[in-house]
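Undergrad: Can you keep this structure in mind? I'll have questions shortly.
Rule-based calculations on the coordinates, nothing more; no lab input. Predicted model, so just to flag it, every value in this text is computed and none were measured. Methodologically, a virtual Cβ is constructed for each residue, glycine included, from the backbone with ideal geometry; neighbour enumeration extends over all protein chains shown.
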Amino acid sequence: MKNNILYLSIPFLIANLIICMESCKVDECEEIIPTAEYVDLVTHGDTATITLSFKDCDGDLGLLPSDTTAPYEFNLFLEYYQLKNGVWEVVGPLPTPYYYRIPVLETSGNSIITEGEIDISLIPYYLPGYSDTIKYQIYIVDKALNQSNTIETDILVVQ
C-alpha cells in the first residue's frame, strides 16, 4: 500500500514542481519603446471618453508627483485634428493643450512589464467654431523619453 502511494505522489510532486517553476519565471519582452493601441471612443452629450491600451516592457512608464519640470511635465499627448477643405489639420496651439500625466504604475508578480488601459475624459470633446469633423491622435512617452507609436481615434462628426 505504501508503494502505491509513493508512485502516485511522485507524478503529483513533479507536476507541482513544474507549475511552481513556471510561475516563478519573469515575463520578458525586448522592446523598450512603449506601445499604444486605440480601443474605443464614446460620446455622451458634449463629453467623450477615449480608451487606449498600452504596454511598456521595461516598466518605466509613469511620472512621480515630483516630476514637474520639462521634459517630465506630461507623458500622454493628445492632438486635436479637424477636417478642413478635405484635408486633416492639427488645431493649435490650443489655449489648454490636451496633455496628461500617467502616474507610476505597479507591476504584477515578477514582471517589470506595465500594461493596461487608460480612459481619457474630454469635456468638451469638440471645440466650437472649428470644423464639425474631428479626430484625435495620441501617443505616450516613457521616463527614458521613448515615444510610443501614434494612434488615431475614429472620425467624429459633431452634431
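Undergrad: Scan (1) in contact (Cβ under 8 Å) with a residue 60 or more places away in the chain; (2) touching an Asp or Glu at 6+ places or on another chain (Cβ under 8 Å); (3) over 18 Å from Ile151 (Cβ atoms) for the single condition Glu73 breaks and write down its number.
TA: (1)
Undergrad: From Ser131, Ser148, which residue is in contact with a strand residue (DSSP E or B) (Cβ under 6 Å, 6 or more places away or on another chain), surrounded by 15 or more Cβ atoms within 10 Å (Cβ to Cβ) and over 22 Å from Ala36 (Cα atoms)?
TA: Ser131
Undergrad: Considering only the stretch 95-135, state which residues are among the acidic types (Asp, Glu) and part of a loop (DSSP other than H, G, I, E, B).
TA: Glu106, Asp132 - these are the residues of the stretch 95-135 that are among the acidic types (Asp, Glu) and part of a loop (DSSP other than H, G, I, E, B).
Undergrad: Any idea which of (1) farther than 17 Å from Thr35 by Cα; (2) of a type outside the set (Lys, Arg); (3) surrounded by 14 or more Cβ atoms within 10 Å (Cβ to Cβ); (4) touching a residue at least 40 places away in the same chain (Cβ under 8 Å) is the one Pro124 doesn't satisfy?
TA: (3)
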